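Structure first, commentary second.
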Amino acid sequence: MARELYGPLFSVKKAANYLGIGITRTYKLVNTNILKSIKDKNGSLIAKSVLDDYIEEQYQKSS
């Protein structure tokens, strides 16, 4: 279920921590556009809603 982008924006490092996965894996998800991100001069920023959607999708796949 896609929702509007909202909430705090996380750096890739903080997004990885939120998801409980490594930074390298998180960068792969961003680079393959699985995690939509906003490009900033300091790197990529990911909305909390994008991370929540990703978590929900992973739960649905495992059911």
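The values are calculated or read from the model by the stated rules, or taken from the named source; none is laboratory data. All values reported here derive from a predicted model rather than from experimental measurement. Ideal geometry is used to build each Cβ from the backbone, glycine not excepted, and the neighbour counts take in all protein chains shown. All accessible areas refer to the heavy atoms of the entire protein, side chains included, with ligands and DNA or RNA removed. Shrake-Rupley method; radii C 1.70, N 1.55, O 1.52, S 1.80 Å.
Out of (1) over 10 Å from the mean Cα position of the chain (by Cα); (2) in a strand (DSSP E or B); (3) of a type outside the set (Phe, Trp, Tyr), what's the single condition that is false for Lys61?
In the conditions (1) over 10 Å from the mean Cα position of the chain (by Cα); (2) in a strand (DSSP E or B); (3) of a type outside the set (Phe, Trp, Tyr), Lys61 misses (2) alone.
Tell me which residues, restricted to the stretch 10-56, are at pLDDT below 95, part of a strand (DSSP E or B) and open to solvent by 40 Å² or more (accessible area, probe 1.4 Å).
Residues satisfying the conditions are Ile38, Lys39, Asp40.
So, in the stretch 11-32, exactly how many residues are at positive phi and in contact with a Phe, Trp or Tyr (Cβ under 9 Å, 6 or more places away or on another chain)?
Quick first cut of the stretch 11-32, residues at positive phi only: 20.
Going one step further and asking which of them are in contact with a Phe, Trp or Tyr (Cβ under 9 Å, 6 or more places away or on another chain), we end up with none.
Looking only at that region, the number is 0.
Of the residues that sit in the stretch 13-27 and are within 10 Å of the chain's Cα centre (by Cα) and free of Cβ contacts under 8 Å to residues at least 12 places away in the same chain, which one is farthest from Glu56 (Cα to Cα)? Outline the logic, then answer.
Of all residues in the stretch 13-27, those within 10 Å of the chain's Cα centre (by Cα) come to 14-16, 18-19, 26-27.
Next, only the ones that are free of Cβ contacts under 8 Å to residues at least 12 places away in the same chain stay: 14, 16.
Working: Lys14: 18, Ala16: 16 Å.
Step by step, filter the stretch 13-27, then rank; the result is Lys14.
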